[in-house]
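The values are calculated or read from the model by the stated rules, or taken from the named source; none is laboratory data. These numbers were taken from a predicted model, which means no experiment stands behind them. Cβ coordinates were reconstructed from backbone atoms using ideal geometry, including for glycine residues, and neighbour counts include every protein chain displayed.
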Amino acid sequence: MSSEFGRVQSVPKEVEPIRIAISNFAHVKYGVKEPEPDFPPPLNGVKWFIRTDDLRDVKRAEYAVSIWEDDTGSVWIQSAGLGDLAELVSSEYGIELYRKFAKLNLRNFASRSVRERFATLFPTLGAYLAKCDESVEEVSSKTGLRLQMKFSGGFDERVGEYVLFWMTVELDVKRLDLKPKIEKIELGLDAMREALQKAGGGKWCLPTNLGA
């Protein structure tokens, strides 16, 4: 491992069969990469990092755009970004309500109080986020895996306010040999695909079909 936080210096030999297995499972091409500047880093270093870059492949496998293993023995699967709440608020609710959105604690958007306030101000988008929460909770309960919604929010001088969100699953692969590790990753991929489908396939639902 490199001493630089979240960077990969050498790639373990097991990565190539893992990459092939993931590509075959998802029917898209994944490549071994270095984590990128906008990659949400794990708490510890990255042993290997795999992602798909072709936009057509990203659309076909939105539930698993990035997969990596950290040096605590966890494999993470991360979906494509499911939206920027700032853009959606602006386009669906207009500038007046957008100003109220900008006053929320965007850096702490995952907190219950901030989410509840957001849902009060923007019920359509709040209902969709609730549907995402319900989907990850249902699939987590069904599979015993740890699926979660993740948020990254704040202010950027180039784009202004932003709140990005996505789905992840964390898989404990400590002491697993290659074959059972791949099998567990495939379970995670299947769970992520199911959760994203239950939430609307990564697409923002209109108010008329939120309950579908």
Revision key, fill the gap. Residue hits (segment 172-183; of a type outside the set (V, I, T) and surrounded by 15 or more Cβ atoms within 10 Å (Cβ to Cβ)) are L176, K181
Practice item. Select from segment 136-149 the residues that are in contact with a Leu (Cβ under 8 Å, 6 or more places away or on another chain) and crowded, with 19+ Cβ neighbours inside 10 Å and list them in ascending order. Key: V136, V139, L145, M149
Exercise for review: Assess whether D133 counts as being exposed (fewer than 13 other Cβ atoms within 10 Å of the Cβ) and of a type in the set (D, E).
Suggested key: no
Study note, to complete from the structure: Restricting segment 12-28 to residues that are part of a loop (DSSP other than H, G, I, E, B) and surrounded by 14 or more Cβ atoms within 10 Å (Cβ to Cβ), the one modelled with the highest pLDDT turns out to be V28
Check your understanding: Looking at segment 80-132, which of the residues that are among the aromatic types (F, W, Y) and closer than 24 Å to K198 by Cβ is farthest from the chain's Cα centre (by Cα)?
Key -> F122
**Study point:** Verdict on R193 being in the same structural domain as A26 (by TED's automatic domain parsing) and on the phi > 0 side of the Ramachandran plot
**Key:** no
Point to revise | Matching residues, segment 93-102, being touching a Leu at 6+ places or on another chain (Cβ under 7 Å) and modelled with pLDDT under 90 | key: L97
Exercise for review: Would you please name the residue that is surrounded by the fewest Cβ atoms within 10 Å (Cβ to Cβ), looking only at residues in segment 107-116 that are of a type in the set (A, V, I, L, M, F, W, C) and closer than 13 Å to K150 by Cα?
Suggested key: A110
Revision key, fill the gap. The residue that is surrounded by the fewest Cβ atoms within 10 Å (Cβ to Cβ), considering only those in segment 150-171 that are among the charged types (D, E, K, R) and in contact with a strand residue (DSSP E or B) (Cβ under 7 Å, 6 or more places away or on another chain), is D156
**Study point:** Of the criteria (1) touching a helix residue (DSSP H, G or I) at 6+ places or on another chain (Cβ under 6 Å); (2) within 15 Å of G153 (Cβ to Cβ), which one G83 fails
**Key:** (1)
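Condition check ((1) over 18 Å from the mean Cα position of the chain (by Cα); (2) at pLDDT 90 or above; (3) not in a strand (DSSP E or B); (4) not aromatic (F, W, Y)) across all residues:
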site	(1), (2), (3), (4)
D53	no, no, yes, yes
V58	no, no, yes, yes
Y63	no, yes, yes, no
W68	no, yes, no, no
V75	no, yes, no, yes
